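Working notes, beginning with the structure itself.
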Amino acid sequence: MKDGGYWRANLRLVAGCLAVWFLVSFGCGILFVDLLNEIPLGGFRLGFWFAQQGSIYVFLVLIFFYAWRMGRLDREHGVEELAEEQEED
Amino acid sequence: MDLTTLTYMVVGASFALYIGIAFWSKAQGTGDFYVAGKHVHPVANGMATAADWMSAASFISMAGLIAFLGYDGSVYLMGWTGGYVLLALLLAPYLRKFGKYTVPEFIGERYYSRTARVVAVICLIIISFTYVAGQMRGVGIVFSRFLGVDITTGLLVGMGIVFFYAVLGGMKGITYTQVAQYCVLIFAYTVPAVFVSLQVTGVAIPQIAFGSTVADGGAWLLTTLDGIVTDLGFPAYTDGTKSGIDVFFITLALMIGTAGLPHVVVRFFTVPRVRDARISAGYALLFIAILYTTAPGVGAIARLNLTTTMQTGPVGAADGNLVYEERPQWFRTWEETGLLSFTDHNADGRIQYYNDANPEFAARAAEYGWKGNELTVDRTSSSLRTRRSRGCRTGWSPSSRPAGSPRRSPRRRDCFS
């Protein structure tokens with residue numbers, strides 16, 4: 001049932017998400033923080049904003065995006081679990 | 001009704017609620033006890049995970065830590081939330097797929113080894129004990145404040161209550177108790193945060209407030225804060241003092257640590273399906289993020305509040321500092337508990353709060369007749385302190401208050417949230 005295509009797609013998705021995860025936190029929040037701090041975002045300096053706010057928002061979007069894409073992937077490859085309950089997310 | 005009665009009633013009611021839930025959902029068997037029968041809705045699980053994760057450390061200390069660390073405090077914000085991405089993408093769904101009760105059980109089966117399982121158990125116990133040690137200090141502080149007893153007694157009372165409902169309800173009881181706890185916790189945290197944001201900036205949402213302008217001055221809050229702290233010899237709030245490489249690796253360590261915390265990992269065993277485990281991690285982070293994005297706002301405002309309370313006028317002016325005898329009520333209360341202390345080094349009866357570890361500033365401080373920093377703040381409590389001070393002031397703004405004017409209010413004691 002579970003073929004190589006499913007696993008490859010899974011890995012690709014995880015890798016993509018982790019790249020974004022790294023970029024916003026370690027990239028924007030830490031490595032390039034001084035550079036981004038030159039850019040104002042309202043009363044924030046952009047690098048500081050990424051470190052204390054932005055990265056958290058992106059993390060949140062990432063997890064929901066991953067859950068949604070994995071659900072679609074499960075359906076496409078017919079490995080969706082049979083619902084034990086009628087709950088939908 | 002006087003404050004003490006009210007406090008006991010509110011605290012008593014919330015514990016009655018938790019214990020009531022424990023009775024209502026008491027465990028019926030092994031499955032119920034360990035994984036709540038795998039019937040927890042992902043949203044409820046997310047909420048329970050959030051309450052589980054944001055125990056004493058986040059609730060009491062985080063805003064305070066960030067207030068003092070400024071940008072450096074970001075390591076906790078990114079570290080403790082970024083771990084959830086790793087958890088959601090790399091761990092939770094796979095552990096749930098395996099369908100066991102605990103992580104050591106998973107490791108034992110996966111590696112066909114009892115030894116591996118024993119090693120996992122030992123690791124788990126060490127991690128849990130270390131973690132609980134820190135949390136228990138927080139429990140002790142909170143209960144000692146509520147009940148007016150010393151920290152050890154407070155700790156024992158708190159442990160007793162938790163032990164009671166944990167043993168009775170198992171994972172099932174804990175899950176629903178924690179859902180209730182989350183609601184109580186987030187309400188208690190965000191309501192004062194909203195009000196203090198409104199007071200200081202006129203913006204109700206703390207996440208936006210600390211990027212806004214202060215209500216009367218028109219200058220950006222963070223710019224104002226950077227200005228005043230650097231005037232007192234501290235590093236700028238939005239700049240770090242730690243080197244980039246330190247920040248990088250501390251953040252990384254905190255992220256990986258978060259993803260591996262046993263009491264968080266085990267929560268993902270309680271949902272019905274693998275896809276529920278994935279989405280549940282998202283809900284967990286959503287509920288955590290509500291507090292974690294509020295905390296830096298509170299931290300920045302608290303730092304501004306503390307600094308401008310002590311530094312009432314221009315830096316270096318003879319009457320620029322708060323007169324000790326005119327200190328606000330929250331200052332006195334926290335002095336009594338030893339979490340805030342004042343030593344009048346230059347015997348002028350005023351509080352000089354500045355960075356005396358900064359050699360460049362020391363020369364100027366000496367010119368002003370300052371003989372060292374006179375205010376010591378216990379950082380673990382600074383969030384509580386802020387919570388106490390901020391709910392209780394009305395009409396406070398950084399510069400509209402005449403220097404040294406008394407700001408006492410007899411009702412200040414009823415502001416503990």
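The values are calculated or read from the model by the stated rules, or taken from the named source; none is laboratory data. Note that the coordinates shown come from a computational prediction; the quantities given were computed from them, not determined experimentally. Here the Cβ is made from the backbone with ideal geometry for all residues, glycine too, and neighbour counts use every protein chain on show.
Points worth noting:
- Only one of B:F106, B:F59, B:F33 that is more than 14 Å from every other protein chain (Cβ to nearest Cβ), under 23 Å from the mean Cα position of the chain (by Cα) and not β-branched (V, I, T): B:F59
- Taking (1) polar (S, T, N, Q); (2) touching a Phe, Trp or Tyr at 6+ places or on another chain (Cβ under 7 Å); (3) without any contact (Cβ under 8 Å) to a residue 60 or more places away in the chain in turn, B:T238 satisfies each apart from (3).
- B:T190 within 20 Å of the chain's Cα centre (by Cα), within 14 Å of chain A (Cβ to nearest Cβ) and of a type outside the set (A, V, I, L, M, F, W, C): no
- Test result for B:L304, surrounded by 21 or more Cβ atoms within 10 Å (Cβ to Cβ) and more than 7 Å from chain A (Cβ to nearest Cβ): yes
- Matching residues in the stretch B:216-231 - criterion: being buried (at least 20 other Cβ atoms within 10 Å of the Cβ) and of a type in the set (A, V, I, L, M, F, W, C): B:W220, B:L221, B:L222, B:L225, B:V229
- Any hit, the stretch B:195-209, residues being under 22 Å from B:L17 (Cα atoms), of a type outside the set (K, R) and in a helix (DSSP H, G or I): no
- Each residue in the stretch B:109-158 was checked for being more than 29 Å from the chain's Cα centre (by Cα), basic (K, R) and surrounded by fewer than 18 Cβ atoms within 10 Å (Cβ to Cβ), and 2 pass.
- Residue satisfying condition, being small (G, A, S), more than 15 Å from B:L86 (Cβ to Cβ) and within 15 Å of the chain's Cα centre (by Cα), within set A:G27, A:G47, A:G42: A:G27
- From the list B:S243, B:S212, the lone residue that is without any contact (Cβ under 8 Å) to a residue 12 or more places away in the chain, more than 10 Å from chain A (Cβ to nearest Cβ) and surrounded by fewer than 24 Cβ atoms within 10 Å (Cβ to Cβ) is B:S243.
- Boolean, B:L17 is out of contact with any Asp or Glu (no Cβ under 6 Å at 6 or more places or on another chain), within 12 Å of chain A (Cβ to nearest Cβ) and in a helix (DSSP H, G or I): no
- For B:G218, the requirement of being more than 10 Å from chain A (Cβ to nearest Cβ) and touching a helix residue (DSSP H, G or I) at 6+ places or on another chain (Cβ under 9 Å) is not met.
- Members of the stretch B:266-291 that are more than 11 Å from every other protein chain (Cβ to nearest Cβ), crowded, with 20+ Cβ neighbours inside 10 Å and either over 18 Å from A:Y66 (Cα atoms) or of a type in the set (A, V, I, L, M) (or both): B:R267, B:F269, B:T270
- Hey, B:G227 assigned to a helix (DSSP H, G or I) and away from chain A (no Cβ under 14 Å) or not: no
- When B:R96 is tested against the conditions (1) more than 14 Å from chain A (Cβ to nearest Cβ); (2) at pLDDT 80 or above; (3) surrounded by 18 or more Cβ atoms within 10 Å (Cβ to Cβ); (4) within 23 Å of B:V40 (Cβ to Cβ), the lone failure is (1).
- The lone exception for B:V75 - which of (1) of a type in the set (A, V, I, L, M, F, W, C); (2) over 25 Å from B:T238 (Cβ atoms); (3) within 26 Å of the chain's Cα centre (by Cα) it fails: (2)
- In the stretch A:27-48, of all residues being facing another protein chain (nearest Cβ under 7 Å) and buried (at least 20 other Cβ atoms within 10 Å of the Cβ), the one that is modelled with the lowest pLDDT corresponds to A:G43.
- When B:G64, B:G79 are checked against the criterion of being part of a helix (DSSP H, G or I), modelled with pLDDT under 90 and surrounded by 17 or more Cβ atoms within 10 Å (Cβ to Cβ), a single residue qualifies: B:G64.
- From the options B:V121, B:V191, residue that is touching a helix residue (DSSP H, G or I) at 6+ places or on another chain (Cβ under 9 Å) and at pLDDT 90 or above: B:V121
- Residue list for the stretch B:323-360, restricted to those being outside any loop (DSSP other than H, G, I, E, B), among the hydroxyl-bearing types (S, T, Y) and farther than 18 Å from B:G313 by Cα: B:T333, B:S341
For every residue, the table says whether it meets (1) over 26 Å from A:W7 (Cβ atoms); (2) more than 7 Å from every other protein chain (Cβ to nearest Cβ); (3) modelled with pLDDT of 90 or more.
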| site | (1), (2), (3) |
| --- | --- |
| A:Q52 | yes, no, yes |
| A:S55 | yes, no, yes |
| A:F59 | no, no, yes |
| A:L62 | no, no, yes |
| A:A67 | no, no, yes |
| A:H77 | no, yes, no |
| A:E84 | no, no, no |
| A:D89 | no, no, no |
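- Selection within the stretch B:235-283 - in a helix (DSSP H, G or I), at pLDDT below 85 and under 29 Å from B:T307 (Cβ atoms): B:G244
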